[in-house]
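What follows is a short report on a single structure.
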Amino acid sequence: MIALDGVAVTYRNGHTALRDASLVVPGGSITALVGVNGSGKSTLFKAIMGFVPLRTGQVRVDDLPVAQALKRNLVAYVPQSEDVDWDFPVRVEDVVLMGRYGRMNFLRLARAADHQAVDAALARVGLTELRKRQIGELSGGQKKRVFLARALAQDSRVILLDEPFTGVDATSERAIIELLQALRAEGRSMLVSTHDLASIERFCDRTVLLDRTVLAQGPTAEVFTRENLERTFGGALRLFEAGQAAPRHRERA
């Protein structure tokens, strides 16, 4: 479980990226994090990972302060594609092994258990045959699955996914969703930042709408009202309605 209570983050330049943000991501759930660019989604992820100091509030993971949770490797992160240097020469299996670093000694000498975890993670995402390939040679969907495998190898209870469907084809998207659903059944908590509004109702139990603070949160069917989406997106909502990726809006009863 992830719990934020009254979290505010102000950067050194004076910009307040989050103010009084409170939310809960229960165990055994997939929660969508939705907002326009600049709404604070990346900062919220950084707060959960302990990368930015909090001006106010607290973050807890599985009822532990975030610093303790991170020491116990309870939080894994699947980054956006543009945050990765795909030209760096590293093999698929080595990227997945990075998920085990927090469980190794300071020399980072892999043990049998670490290699077994890598094998199991690669098998689960269907990339065993590509383990020796350079990661830059893979397709967009395969790259996403490599970082999902890294999160699986880490064996974290909480997984943060930043735009996991950007740059992937429909087949890879289905494979990722099926994996997330299986992880949900295992009791893991997943927070998914996404602009793909059309897919949220298909696989996300809960949704958080963000605009530097939490505008709404709860079961997706209740949060996805026209009123809430207009508060979140304003005039930009019409662009979603006009496109094929438009969500099915529910009017408030």
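Around the amide H of residue 76, modelled in the peptide plane, lie the amide H atoms of 158, 159, 160, all under 5 Å away and 5 or more residues distant in sequence or on another chain. Once backbone amide H atoms are built at 1.01 Å from N, residue 21 has 6, 7, 8 as its partners under 5 Å, excluding neighbours fewer than 5 places away on the same chain.
Between residue 63 and residue 201, the C-beta separation translates, for a Förster distance of 35 Å, into a calculated FRET efficiency of about 0.75. Taking other C-beta atoms within 10 angstrom as a stand-in for reagent exposure, 107, 229, 180 fall in the order 107, 180, 229, fewest first.
For the stretch 12-29, 3J(HN,Hα) computed residue by residue from phi via the Karplus equation (6.51, -1.76, 1.60; θ = phi - 60°) reads 4, 7, x, 6, 8, 8, 9, 9, 6, 8, 10, 7, 9, 10, x, x, x, 8 Hz, glycine and proline entered as x. Can you tell which of 177, 48, 30 shows the greatest fluctuation in a Gaussian network model of the chain with Cα springs below 10 Å? With Cα springs under 10 Å in the chain, the top fluctuation among 177, 48, 30 is at 177. Between the helical axis of 170-185 and the longest alpha-carbon principal axis of the chain there is an angle of about 90 degrees. For the chain, the antiparallel share of DSSP beta bridges with both residues in that region comes to about 50%.
The label point for residue 88 and the one for residue 178, both projected 7 Å from the Cα toward the Cβ, are 3.1 nm apart. The helix-based estimate of mean residue ellipticity at 222 nm for the chain, built from -39,500 (n - 2.57) per DSSP H run of four or more residues and divided by its residue count, is -10000 deg cm²/dmol to the nearest 500. In this calculation the C-beta distance from residue 11 to residue 119 is compared with R0 = 45 Å, giving a FRET efficiency of 0.65.
In order along the stretch 139-149, the phi-based Karplus estimate (6.51 cos²θ - 1.76 cosθ + 1.60, θ = phi - 60°) of 3J(HN,Hα) comes to 6, x, x, 5, 4, 4, 5, 4, 6, 5, 5 Hz; Gly and Pro are listed as x.
Order of 92, 223 from fewest to most other C-beta atoms within 10 Å? Numbers along the way, then the final one.
Details: 92 26, 223 22.
Lowest count first: 223, 92.
Relative to the longest principal axis of the Cα atoms of the chain, the long axis of helix 112-124 makes an angle of roughly 50 degrees.
Arrange the peptides 13-22, 114-123, 202-211 so that the one whose residues have, on average, the most other Cβ atoms within 10 Å appears first.
Details: 13-22: 15.0, 114-123: 18.2, 202-211: 20.5.
Top to bottom by mean Cβ count within 10 Å: 202-211, 114-123, 13-22.
Each part gets one Cα centre, and for the stretch 28-55 versus the stretch 66-114 those centres are 20 Å apart. In order along the stretch 152-167, the Karplus-derived 3J(HN,Hα) couplings, from 6.51 cos²θ - 1.76 cosθ + 1.60 at θ = phi - 60°, round to 5, 5, 5, 6, 8, 8, 10, 10, 9, 10, 9, 6, x, 9, 6, x Hz, and Gly and Pro are given as x. Take the chain and mark each of the GluC sites (Glu not before Pro) that is in a DSSP loop with at most 11 other Cβ atoms within 10 Å; the longest unmarked stretch, sites excluded, is 1-185. The modelled label-to-label distance between residue 139 and residue 51, using points 7 Å beyond Cα along the C-beta direction, is 2.8 nm.
Every number in this text was worked out from the coordinates using simple rules, so none of it is lab data. All values derive from a computational prediction rather than experimental measurement. Neighbour counts are summed over all protein chains in view; Cβ atoms, including those assigned to glycine, are modelled from backbone coordinates with ideal geometry.
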